[in-house]
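Notes for the one structure printed next.
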Amino acid sequence: MFRLISAWLVLCILFPSAFFAQLGSASVSGKRHKRIVIRNATIVDGSGKPAAGPFDISIENDLITAIVSVDPVAVKEGNAKRPAAGDLEIDAVGKFVLPGLINLHGHTQDGRGGKPQPVEYCMKLWLACGITTVRDVGATKKTLEWREQSAANRIASPRIYGYGVFQASPSPANSEQARARIQEMKQAGYDGVKLFGVDRDIMRAMMDEAKKANLRVAHHTGVEETNAWDDIKFGTTSIEHWYGIPDAAIEGGRQNFPANYNYNNEVDRFRYAGRLWREAKWDQLTKVFDGMVEAGVAWNPTLDIYDASRDLQRAQTNPAFADYLHPVLEEYFKPNPANHGSYFIGWTSTDETFWKENYRIWMHSLLEFERRGGLIGVGEDAGFIYQMYGFGLIRELELHQEAGFHPLRVIQHATANNARILGEEDRLGRVRVGFKADLIVVNGNPLENFKVLYPTGIEELRDGKIVKTGGIEWTIKDGIPFHAPTLAAEIRAMVASARRNKA
Ligand SMILES: [Zn+2]
């Protein structure tokens, strides 16, 4: 033991940062500080403008209070004006600082398939993956309690916006019930409404009432009576996923389903969803995009959650599962008609081929939508279809890049755009003085490689040796610094122990 300590001391003398890593990071993680200073950061501010640095960033309590350019000439001459020392100093030499990521389509889950799963697993994964805000689009009363606990820093969790589900049972069956349901949700304290496809008369009434109650609406526009034209007409805040957009551009108004198609059979539903975009007429689609732009309807595509449909083996053999997949979630992911989204029974190469084409048209549509002035957000929908919390959002960034967006734009989608969709663009989603201190400090350059954001990090060749690097160092939420590697270690321990108990 003594030898171990002395070896560590020698290490700390040689590399002072080792001392801080040992003593500093874990012990200050999750605690509020009066004043934090991040030194020598390269900033990607979330607005879409290029990276710049070095800057020193001062944080006081929950706010960014100063961003000071570090002038190399003044530093050399010893008269640089730099912020006074903080209670916590973060060295960001060679690191990138971004706004905390916003997950616009999250599900805060404490169980899967009827089995309990610790909610800490979900929340800590989000923080470890750089997510400082989650819009929960399946919020319950329990979610609203977590929202309050998170705001008071009684739990390690991103900031939560709870969007309650409109069709809670019994589902409103007429206009009066639709209006009453919205009023009830307003009184219960929900921040907004999550809507699945409903019949048009009910949608008209609930949207009108939601507007009066000042509640934003995230619409999973399904393959229903309504489509994107109804979102345009009634003023939906964001269309979730994508169905309803190609549906609004099909000649004849309905996809050419085979006679034996059954929407409630998930194998059918997801199989033929893969053949939907090809039926949309491009000149009609561009009219739908223009309609959405004009009405201010945003689009949160959640590309990651359909990734398995175009390459099932890739999804099922994610190397990160080895350390990070909770056994309850693992069980839930297994093909089973009783679990939503676990529909891969007899999935064929033909299905994957159609889905690959589906993605090509979808991605091209996203580019065209933004080119015409559309607002695009980023959400993960994890907890389903082989997507783990947090990892799913980073995968979503990779897919926005694959769609053809510049990485600066992709980061803007996940930060400033998402803040706008939440109606919080004046205080969230930017590295800017006066904004909430929601920031991430990244070991590496996400503009070059979004994979640096995963808790599993990346490998680099240095002096002929493979070195493990990357990952987020700090996730700062509301001015509270969370040491991401410490959180990741806690999650791995949680997963390992749950597996032992199961065995
Ligand atoms: Zn969802």
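So, in the range 465-503, exactly how many residues are open to solvent by 40 Å² or more (accessible area, probe 1.4 Å), free of Cβ contacts under 8 Å to residues at least 60 places away in the same chain and outside any helix (DSSP H, G or I)?
Number of matching residues: 5.
Please enumerate the residues belonging to the range 119-152 that are farther than 22 Å from residue 480 by Cβ and away from the ligand (no atom under 14 Å from the Cβ).
141, 142
Does any residue of the range 323-335 turn out to be surrounded by fewer than 16 Cβ atoms within 10 Å (Cβ to Cβ), out of contact with any helix residue (DSSP H, G or I) (no Cβ under 8 Å at 6 or more places or on another chain) and in contact (Cβ under 8 Å) with a residue 24 or more places away in the chain?
no
I'd like to know if the range 338-354 contains one or more residues that are out of contact with any Leu (no Cβ under 9 Å at 6 or more places or on another chain), among the charged types (D, E, K, R) and either within 17 Å of residue 301 (Cβ to Cβ) or free of Cβ contacts under 8 Å to residues at least 60 places away in the same chain (or both). It would help to see each step written out before you state the result.
Applying the first criterion (out of contact with any Leu (no Cβ under 9 Å at 6 or more places or on another chain)) to the range 338-354 yields 338-343, 345-346, 348-350, 353-354.
Those left that are additionally among the charged types (D, E, K, R): none.
The answer is no, given that none of the residues of the range 338-354 is out of contact with any Leu (no Cβ under 9 Å at 6 or more places or on another chain), among the charged types (D, E, K, R) and either within 17 Å of residue 301 (Cβ to Cβ) or free of Cβ contacts under 8 Å to residues at least 60 places away in the same chain (or both).
Could we say that residue 368 is in contact with a Ser or Thr (Cβ under 9 Å, 6 or more places away or on another chain) and within 16 Å of the ligand (Cβ to nearest atom) here? It would help to see each step written out before you state the result.
Numbers: in contact with a Ser or Thr (Cβ under 9 Å, 6 or more places away or on another chain): yes; within 16 Å of the ligand (Cβ to nearest atom): no.
It is false that residue 368 is in contact with a Ser or Thr (Cβ under 9 Å, 6 or more places away or on another chain) and within 16 Å of the ligand (Cβ to nearest atom).
Take residue 315 and tell me if it is over 16 Å from residue 227 (Cα atoms) and buried (at least 17 other Cβ atoms within 10 Å of the Cβ).
yes
Would you check which residues across the range 152-167 are farther than 21 Å from residue 62 by Cα, open to solvent by 30 Å² or more (accessible area, probe 1.4 Å) and at pLDDT 95 or above and list them?
165
Any idea which of 286, 236 is surrounded by fewer than 23 Cβ atoms within 10 Å (Cβ to Cβ), more than 16 Å from residue 357 (Cβ to Cβ) and in contact (Cβ under 8 Å) with a residue 60 or more places away in the chain?
Details: 236 fails: surrounded by fewer than 23 Cβ atoms within 10 Å (Cβ to Cβ).
Result: 286 is the single residue among 286, 236 that is surrounded by fewer than 23 Cβ atoms within 10 Å (Cβ to Cβ), more than 16 Å from residue 357 (Cβ to Cβ) and in contact (Cβ under 8 Å) with a residue 60 or more places away in the chain.
Per-residue answers, yes or no, for (1) aromatic (Phe, Trp, Tyr); (2) modelled with pLDDT of 95 or more:
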site	(1), (2)
208	no, yes
223	no, no
228	no, yes
233	no, yes
236	no, yes
243	yes, no
248	no, yes
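Can residue 309 be described as at pLDDT below 95, of a type in the set (S, T, N, Q) and open to solvent by less than 50 Å² (accessible area, probe 1.4 Å)?
Numbers: at pLDDT below 95: no; of a type in the set (S, T, N, Q): yes; open to solvent by less than 50 Å² (accessible area, probe 1.4 Å): yes.
Taking the combined requirement at face value, the residue does not satisfy it.
Looking at 376, 394, 385, 361, which is the one that is under 19 Å from residue 272 (Cα atoms) and in contact with a Phe, Trp or Tyr (Cβ under 6 Å, 6 or more places away or on another chain)? I'd like the intermediate steps shown before the answer.
Details: 376 fails: under 19 Å from residue 272 (Cα atoms); 394 fails: under 19 Å from residue 272 (Cα atoms); 385 fails: in contact with a Phe, Trp or Tyr (Cβ under 6 Å, 6 or more places away or on another chain).
So the residue among 376, 394, 385, 361 that is under 19 Å from residue 272 (Cα atoms) and in contact with a Phe, Trp or Tyr (Cβ under 6 Å, 6 or more places away or on another chain) is 361.
Mind checking whether some residue in the range 435-442 is surrounded by fewer than 20 Cβ atoms within 10 Å (Cβ to Cβ), closer than 30 Å to residue 325 by Cβ and of a type in the set (D, E, K, R)?
So far as the range 435-442 goes, no, none of its residues is surrounded by fewer than 20 Cβ atoms within 10 Å (Cβ to Cβ), closer than 30 Å to residue 325 by Cβ and of a type in the set (D, E, K, R).
Kindly provide the set of residues from the range 392-425 that are within 16 Å of the ligand (Cβ to nearest atom) and within 21 Å of residue 447 (Cβ to Cβ), ordered by number.
Answer for the range 392-425, where residues must be within 16 Å of the ligand (Cβ to nearest atom) and within 21 Å of residue 447 (Cβ to Cβ): 392, 393, 395, 396, 418.
Please work out which residue is farthest from residue 235 (Cα to Cα), limiting yourself to the range 152-194 and to residues that are outside any strand (DSSP E or B) and charged (D, E, K, R).
Within the range 152-194, the first condition is being outside any strand (DSSP E or B), and the residues that meet it are 152-158, 166-191.
So of that shortlist, the ones also charged (D, E, K, R) come out as 154, 176, 179, 181, 184, 186, 191.
Numbers: 154: 37, 176: 20, 179: 16, 181: 19, 184: 21, 186: 18, 191: 17 Å.
Top of the filtered list is 154.
Looking at (1) open to solvent by less than 10 Å² (accessible area, probe 1.4 Å); (2) within 16 Å of the ligand (Cβ to nearest atom); (3) closer than 23 Å to residue 350 by Cα; (4) among the aromatic types (Phe, Trp, Tyr), which is the one condition that is false for residue 299?
In the conditions (1) open to solvent by less than 10 Å² (accessible area, probe 1.4 Å); (2) within 16 Å of the ligand (Cβ to nearest atom); (3) closer than 23 Å to residue 350 by Cα; (4) among the aromatic types (Phe, Trp, Tyr), residue 299 misses (3) alone.
With respect to residue 428, is the statement that it is under 23 Å from residue 122 (Cα atoms), assigned to a helix (DSSP H, G or I) and open to solvent by less than 10 Å² (accessible area, probe 1.4 Å) true? Please lay out each step first, then the result.
Details: under 23 Å from residue 122 (Cα atoms): yes; assigned to a helix (DSSP H, G or I): no; open to solvent by less than 10 Å² (accessible area, probe 1.4 Å): yes.
The answer is no for residue 428.
Restricting attention to the range 120-151, report how many residues are open to solvent by 20 Å² or more (accessible area, probe 1.4 Å) and part of a helix (DSSP H, G or I).
Of all residues in the range 120-151, those open to solvent by 20 Å² or more (accessible area, probe 1.4 Å) come to 120, 124, 138, 140-142, 145-149, 151.
Cutting the leftovers down to part of a helix (DSSP H, G or I) gives us 120, 124, 141-142, 145-149, 151.
Looking only at that region, the number is 10.
Are any of the residues in the range 184-205 under 20 Å from residue 421 (Cβ atoms), open to solvent by 40 Å² or more (accessible area, probe 1.4 Å), modelled with pLDDT under 95 and within 23 Å of the chain's Cα centre (by Cα)?
Yes, the range 184-205 has at least one match.
With the condition kept exactly as written, say whether any residue in the range 446-459 is of a type in the set (Gly, Ala, Ser) and surrounded by fewer than 18 Cβ atoms within 10 Å (Cβ to Cβ). Explain how you work it out, then say what you get.
As a first pass, look at the range 446-459 and keep what is of a type in the set (Gly, Ala, Ser): 457.
Narrowing further to those that are surrounded by fewer than 18 Cβ atoms within 10 Å (Cβ to Cβ): none.
Taking every residue of the range 446-459 in turn, none turns out to be of a type in the set (Gly, Ala, Ser) and surrounded by fewer than 18 Cβ atoms within 10 Å (Cβ to Cβ).
The values are calculated or read from the model by the stated rules, or taken from the named source; none is laboratory data. What you see is a predicted model; the values in this text were computed from it and never measured. Quick reminder, even Gly has a Cβ in these numbers, built from the backbone with ideal geometry, and neighbours come from all protein chains shown. Accessible surface areas use protein heavy atoms only, side chains included; no ligands, DNA or RNA. Shrake-Rupley method; radii C 1.70, N 1.55, O 1.52, S 1.80 Å.
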